[in-house]
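K.L.:
Below is the structure I would like to discuss, written out as structure tokens.
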Amino acid sequence: MTIGRIRDYLLTERGLFLGAGIMAVLGLVVLDFSNDVSKRLEIRSDEYRLDLGLSENREAHERIYRQILAGSITPSGELLPQNDWIRQTQNDIRTFGMQVREVTPVVEETRRGEKRTKLVLVAEGSTGAWASYLHGLATSGSQVYVESFKAAPASDDSKQLRIDMVLAQFEVKG
Amino acid sequence: MNNTLSGDSLLMKKTDAGLLDRMVQSWKRSQENGVFGFTYLLNNRFTIQFYESRDDECRLRGRETFPVDAAQGKEAFEKFLRMHEGPSAEGISWIHLVFRSAGLVRTFSMPEEKGENSEDLLQKRVEQEIPHLVDDVIYHARVQNMTASVGKEGILFGISKTILRDQMGSLEAYGIIPCHVMLSTEILLWRHEEAGKKRQEIGEGVMLEVHRVGEEAELLFFEENCLRYSQWIRPMSGESAPGLELLITAASEAFEKSFGKKAVRLQPEVPDGTLELAAIEAHRTISIFDFSPSDLEARRSHGQTRQLRFGLARSAAWLALAFLVFSLSQLMSSAAGHAWLGSKADPLRESVYQVKQLRRQALAVQKFQAAKVFPLAVIEILSLTMPSELLAITLEYHQPAGTFSLRGEAEGQERLDEFMTALQNQNVLDVSLDRFEAVDAATGQVIVFEISGFFRDGGGS
């Protein structure tokens, strides 16, 4: 009897509109949840494809990765404290025959809310000295790398360069 | 509907509606392919029946009688409605039939037209026939297409406004608002006329057609496809009272005495359901007068609005249901994908765990190396490829996207082309010339240029 009454109510105009509203809201909730599930499925599916690819030629892959690791400079894993980093940067610049004009630490916040310190460095020197500095940075095992730079002649009639660099430290995760 | 006269101004408008309106209405009604509800009052009880009409077929779905007082019969009616159609009387095309017993049918001779138009003449004759009833009945009259032997005859159909008001009120209490109110005699005459159009020859003499409704019957005397006389007969109660057959014979004899013509009874009699089938057809083709009182029109319009809203609600519900089903199917398919991947991927993940760790480390190292080496690589590539005639003004590099841009000056177009070709031949960078401007317009020798590019393997990203 009760079920019959509910059915009759749902088949009236008000009941139909109410049912439509409930179903639409439910549909939206389910769709939103389904989108999340679907995104997770996509990630899992990519992971699975990767696992499948790795499993097919496991030995070959392992060999290549070991070769990469053996022949590369691996990050030391430790980040330099800010003051040490500034000091070391000033020393490096001077060592390669360049002049430090400015070193400013800047703290930036990443999208995930993590804070990262960067150094804004302004230096002057010849192209060769600068290339040597970059070479030294590239071959050392330190975490420091050049995130961006802008090089231009120090003045109109000078062969010296003024280089604005932003230095960052590479963070190894996991 | 030539030579038609109506006793209700509103209905007059309806019958005289423009051809286009009639066509639109007729088309709309022809689309009413579905369930028709019929109501009629007989022996102080409402008979309600459902006929399903699909194309040319008509099938009885259910029939039940209910008391006139809706307070006594509403529950039973709702049960009956639920059993056959659904919880609401809305959405059904209701046709209310009024039998001859409650109607007024008169046939009368028409005088010769002497300068008067036929409508005025017809109106005059109606007022002569029913002088005291003109304001109390909803009526309409027309001239029957008689042959020369009989002469012109008018026919008048009417139903008392009081009767209609009472019946409509009772029906409304049941939640029924008829879309068409018809008089049984007019339906049967229309049916007879329609059948006559198909017949090539017009039968001679008077024919008696008997239409039984329960224990009662309507008698129609046709001559040359026109109605000469009609009568409703109801047997008296009691054992000694004459039966229906005897009453039919007596009515036939009475007709013979009055009109001086013997009526031949048509066999077989009008079968059950014929009246309803003809009513549906007449309703669709707008062939029969609608006796609806004028106030019913407003209620009908209200009912149509409610019906429209109900249809909208139903469509919205179906749409929402479809959306919900779609969402659920998406979720189910994702869940099924997860389950399938779970069964396949979990054992595989275990087996490749070590090599995957190595891969992660190798990628991190590559990224680290790229970040360290690319700034130097940009400078080295540019210094190797840039001709001495070119002057670099500014060089910019951005690690996250592995992009660089160079602004400089060149002495002549050839040097710049040479530089671009050399850069592209390195197969490490993708470069494009973003700006090219001849500074010394007089000679066209000094060119300011801007080049941008990025590392093909994605730089440090």
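The values are calculated or read from the model by the stated rules, or taken from the named source; none is laboratory data. Remember, it's a predicted structure, so these values are computed and weren't measured experimentally. Virtual Cβ from ideal backbone geometry, glycine too; neighbours counted across all protein chains shown.
K.L.:
Considering A:Ile73, A:Ile68, which residue is among the hydrophobic types (A, V, I, L, M, F, W, C) and either within 21 Å of A:Gly125 (Cα to Cα) or not in a helix (DSSP H, G or I) (or both)?
P.N.:
Details: A:Ile68 fails: either within 21 Å of A:Gly125 (Cα to Cα) or not in a helix (DSSP H, G or I) (or both).
Among A:Ile73, A:Ile68, only A:Ile73 is among the hydrophobic types (A, V, I, L, M, F, W, C) and either within 21 Å of A:Gly125 (Cα to Cα) or not in a helix (DSSP H, G or I) (or both).
K.L.:
I'd like to know if segment B:291-304 contains one or more residues that are more than 14 Å from chain A (Cβ to nearest Cβ), basic (Lys, Arg), under 37 Å from the mean Cα position of the chain (by Cα) and farther than 30 Å from A:Leu18 by Cβ. Please lay out each step first, then the result.
P.N.:
Here is the first cut: in segment B:291-304, the residues more than 14 Å from chain A (Cβ to nearest Cβ) are B:291-301.
Still in the list and also basic (Lys, Arg): B:299-300.
This time we only want the ones that are under 37 Å from the mean Cα position of the chain (by Cα), so: B:299-300.
Filter once more, so that each one left must be farther than 30 Å from A:Leu18 by Cβ: none.
There is no residue in segment B:291-304 that is more than 14 Å from chain A (Cβ to nearest Cβ), basic (Lys, Arg), under 37 Å from the mean Cα position of the chain (by Cα) and farther than 30 Å from A:Leu18 by Cβ.
K.L.:
Related question: Go through segment A:138-169 and give me each residue that's touching a strand residue (DSSP E or B) at 6+ places or on another chain (Cβ under 6 Å) and among the hydrophobic types (A, V, I, L, M, F, W, C).
P.N.:
Scanning segment A:138-169 gives A:Val144, A:Val146, A:Phe149, A:Ala151, A:Ala152, A:Ala154, A:Leu161, A:Ile163, A:Met165, A:Val166, A:Leu167, A:Ala168.
K.L.:
What do you reckon, is A:Arg63 under 30 Å from B:Gln307 (Cα atoms), modelled with pLDDT under 90, surrounded by 11 or more Cβ atoms within 10 Å (Cβ to Cβ) and more than 7 Å from every other protein chain (Cβ to nearest Cβ)? Give the steps one after another, and end with the answer.
P.N.:
Details: under 30 Å from B:Gln307 (Cα atoms): no; modelled with pLDDT under 90: yes; surrounded by 11 or more Cβ atoms within 10 Å (Cβ to Cβ): yes; more than 7 Å from every other protein chain (Cβ to nearest Cβ): yes.
Against the criterion (under 30 Å from B:Gln307 (Cα atoms), modelled with pLDDT under 90, surrounded by 11 or more Cβ atoms within 10 Å (Cβ to Cβ) and more than 7 Å from every other protein chain (Cβ to nearest Cβ)), A:Arg63 does not qualify.
K.L.:
Among the numbered criteria (1) out of contact with any His (no Cβ under 6 Å at 6 or more places or on another chain); (2) free of Cβ contacts under 8 Å to residues at least 40 places away in the same chain; (3) part of a strand (DSSP E or B); (4) under 23 Å from B:Ala401 (Cβ atoms), which single criterion is violated by A:Ala131?
P.N.:
Just one mismatch for A:Ala131, condition (3).
Table: residues versus (1) polar (S, T, N, Q); (2) out of contact with any strand residue (DSSP E or B) (no Cβ under 9 Å at 6 or more places or on another chain); (3) without any contact (Cβ under 8 Å) to a residue 24 or more places away in the chain.
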{"position": "A:Leu69", "(1), (2), (3)": "no, yes, yes"}
{"position": "A:Ser72", "(1), (2), (3)": "yes, yes, yes"}
{"position": "A:Leu79", "(1), (2), (3)": "no, no, no"}
{"position": "A:Ile86", "(1), (2), (3)": "no, no, no"}
{"position": "A:Thr89", "(1), (2), (3)": "yes, no, no"}
{"position": "A:Ile93", "(1), (2), (3)": "no, no, no"}
{"position": "A:Pro105", "(1), (2), (3)": "no, no, yes"}
{"position": "A:Arg116", "(1), (2), (3)": "no, no, no"}
{"position": "A:Leu119", "(1), (2), (3)": "no, no, no"}
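Residue-wise test of (1) modelled with pLDDT of 90 or more; (2) more than 26 Å from the chain's Cα centre (by Cα); (3) of a type in the set (Asp, Glu).
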residue: B:Gly34; (1), (2), (3): no, no, no
residue: B:Glu52; (1), (2), (3): no, no, yes
residue: B:Gly62; (1), (2), (3): no, no, no
residue: B:Lys74; (1), (2), (3): no, yes, no
residue: B:Glu78; (1), (2), (3): no, no, yes
residue: B:Gly86; (1), (2), (3): no, no, no
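K.L.:
Quick check on segment A:1-51: of everything there that is assigned to a helix (DSSP H, G or I) and touching a Gly at 6+ places or on another chain (Cβ under 7 Å), which residue is nearest to the other protein chains (Cβ to nearest Cβ)? Please lay out each step first, then the result.
P.N.:
Initially, segment A:1-51 is screened for residues assigned to a helix (DSSP H, G or I), giving A:2-10, A:13-51.
Imposing the further condition that a residue be touching a Gly at 6+ places or on another chain (Cβ under 7 Å) reduces the set to A:9-10, A:41.
Values: A:Tyr9: 9, A:Leu10: 9, A:Leu41: 5 Å.
Only one residue fits best here, namely A:Leu41.
K.L.:
Would you check which residues across segment B:249-278 are out of contact with any His (no Cβ under 8 Å at 6 or more places or on another chain), within 16 Å of B:Glu193 (Cα to Cα) and buried (at least 18 other Cβ atoms within 10 Å of the Cβ) and list them? Let's see the steps before the verdict.
P.N.:
Here is the first cut: in segment B:249-278, the residues out of contact with any His (no Cβ under 8 Å at 6 or more places or on another chain) are B:249-268, B:271-273, B:276-278.
Checking which are within 16 Å of B:Glu193 (Cα to Cα) leaves us with B:266, B:277-278.
Hits for segment B:249-278 are B:Leu277, B:Ala278.
K.L.:
Of the residues that sit in segment B:380-419 and are outside any strand (DSSP E or B), closer than 20 Å to A:Ser155 by Cα and touching a residue at least 12 places away in the same chain (Cβ under 8 Å), which one is farthest from the other protein chains (Cβ to nearest Cβ)?
P.N.:
In the first step, residues of segment B:380-419 are kept if they are outside any strand (DSSP E or B); the result is B:380-390, B:399-402, B:412-419.
With closer than 20 Å to A:Ser155 by Cα added as a condition, the list becomes B:388-390.
Next, from what is left, pick out any that are touching a residue at least 12 places away in the same chain (Cβ under 8 Å): B:389-390.
Values: B:Glu389: 17, B:Leu390: 14 Å.
Filtering segment B:380-419 for residues that are outside any strand (DSSP E or B), closer than 20 Å to A:Ser155 by Cα and touching a residue at least 12 places away in the same chain (Cβ under 8 Å), the one farthest from the other protein chains (Cβ to nearest Cβ) comes out as B:Glu389.
K.L.:
Something else about it: Name the residue that is surrounded by the most Cβ atoms within 10 Å (Cβ to Cβ), counting only residues in segment B:333-372 that are within 30 Å of A:Phe170 (Cβ to Cβ), at the interface with another protein chain (Cβ under 7 Å from one of its Cβ atoms) and of a type in the set (A, V, I, L, M, F, W, C).
P.N.:
B:Ala371
K.L.:
Would you pick out the residues in segment B:178-211 that are of a type in the set (A, V, I, L, M), outside any helix (DSSP H, G or I) and either at pLDDT below 85 or buried (at least 23 other Cβ atoms within 10 Å of the Cβ) (or both)? Quick ask: steps written out before the conclusion?
P.N.:
The first filter runs over segment B:178-211 and keeps only residues of a type in the set (A, V, I, L, M), leaving B:181-183, B:187-189, B:195, B:202, B:206-208, B:210.
If we keep only those that are outside any helix (DSSP H, G or I) too, we end up with B:181-183, B:202, B:206-208, B:210.
Selection gives B:Val181, B:Met182, B:Leu183, B:Ile202.
K.L.:
OK, next. Against the definition (more than 7 Å from every other protein chain (Cβ to nearest Cβ) and aromatic (Phe, Trp, Tyr)), how does B:Phe326 come out, yes or no? Working first, answer last.
P.N.:
Values: more than 7 Å from every other protein chain (Cβ to nearest Cβ): yes; aromatic (Phe, Trp, Tyr): yes.
Against the criterion (more than 7 Å from every other protein chain (Cβ to nearest Cβ) and aromatic (Phe, Trp, Tyr)), B:Phe326 qualifies.
K.L.:
Turning to a different aspect of this structure: Restricting attention to segment A:1-23, and to residues there that are among the small types (Gly, Ala, Ser) and surrounded by fewer than 17 Cβ atoms within 10 Å (Cβ to Cβ), which single residue is modelled with the lowest pLDDT?
P.N.:
Going residue by residue through segment A:1-23, those that are among the small types (Gly, Ala, Ser) are A:4, A:15, A:19-21.
When the remaining residues are screened for being surrounded by fewer than 17 Cβ atoms within 10 Å (Cβ to Cβ), the result is A:4, A:21.
Numbers: A:Gly4: 74, A:Gly21: 94.
Per the stated criteria, the residue is A:Gly4.
K.L.:
With the structure loaded, tell me whether A:Ile73 is farther than 30 Å from B:Gly342 by Cβ and crowded, with 17+ Cβ neighbours inside 10 Å or whether it fails that test.
P.N.:
Values: farther than 30 Å from B:Gly342 by Cβ: yes; crowded, with 17+ Cβ neighbours inside 10 Å: no.
Criteria not met by A:Ile73.
K.L.:
Here's a check for you: in segment A:134-173, which residue that is hydroxyl-bearing (Ser, Thr, Tyr) and in contact (Cβ under 8 Å) with a residue 60 or more places away in the chain is surrounded by the most Cβ atoms within 10 Å (Cβ to Cβ)?
P.N.:
First pass over segment A:134-173, keeping only residues hydroxyl-bearing (Ser, Thr, Tyr): A:139-140, A:142, A:145, A:148, A:155, A:158.
Within this subset, residues satisfying the condition of being in contact (Cβ under 8 Å) with a residue 60 or more places away in the chain are A:139-140, A:142.
Numbers: A:Thr139: 11, A:Ser140: 13, A:Ser142: 19.
Here the answer is A:Ser142.
K.L.:
For segment A:79-93, state whether one or more residues are within 10 Å of another protein chain (Cβ to nearest Cβ), assigned to a helix (DSSP H, G or I) and either more than 25 Å from the chain's Cα centre (by Cα) or surrounded by 13 or more Cβ atoms within 10 Å (Cβ to Cβ) (or both).
P.N.:
Of all residues in segment A:79-93, those within 10 Å of another protein chain (Cβ to nearest Cβ) come to none.
No: segment A:79-93 contains no residue that is within 10 Å of another protein chain (Cβ to nearest Cβ), assigned to a helix (DSSP H, G or I) and either more than 25 Å from the chain's Cα centre (by Cα) or surrounded by 13 or more Cβ atoms within 10 Å (Cβ to Cβ) (or both).
K.L.:
Follow-up. Identify all residues within segment A:107-132 that are hydroxyl-bearing (Ser, Thr, Tyr), closer than 19 Å to A:Gly97 by Cα and more than 9 Å from chain B (Cβ to nearest Cβ); write none if there are none. Spell out the reasoning first.
P.N.:
Residues of segment A:107-132 hydroxyl-bearing (Ser, Thr, Tyr): A:110, A:117, A:126-127, A:132.
If we keep only those that are closer than 19 Å to A:Gly97 by Cα as well, we get A:126-127, A:132.
Residues satisfying the conditions are A:Ser126, A:Ser132.
K.L.:
Look through segment B:310-323, keep the residues that are aromatic (Phe, Trp, Tyr) and farther than 13 Å from A:Leu31 by Cα, and return whichever of them is nearest to the other protein chains (Cβ to nearest Cβ). Can you show your working first?
P.N.:
Within segment B:310-323, the subset aromatic (Phe, Trp, Tyr) is B:310, B:318, B:323.
So of that shortlist, the ones also farther than 13 Å from A:Leu31 by Cα come out as B:310, B:318.
Details: B:Phe310: 5, B:Trp318: 8 Å.
In this case the residue turns out to be B:Phe310.
K.L.:
Would you check which residues across segment B:280-300 are assigned to a helix (DSSP H, G or I) and within 30 Å of B:Leu60 (Cβ to Cβ) and list them?
P.N.:
Within segment B:280-300, the subset assigned to a helix (DSSP H, G or I) is B:280-284, B:294-300.
Those that are assigned to a helix (DSSP H, G or I) and within 30 Å of B:Leu60 (Cβ to Cβ): B:Ile280, B:Glu281, B:Ala282, B:His283, B:Arg284, B:Leu296, B:Glu297, B:Arg299, B:Arg300.
K.L.:
Take segment A:133-162 and flag every residue that is more than 10 Å from chain B (Cβ to nearest Cβ) and at pLDDT below 85.
P.N.:
A:Ala154, A:Ser155, A:Asp156, A:Asp157, A:Ser158, A:Lys159
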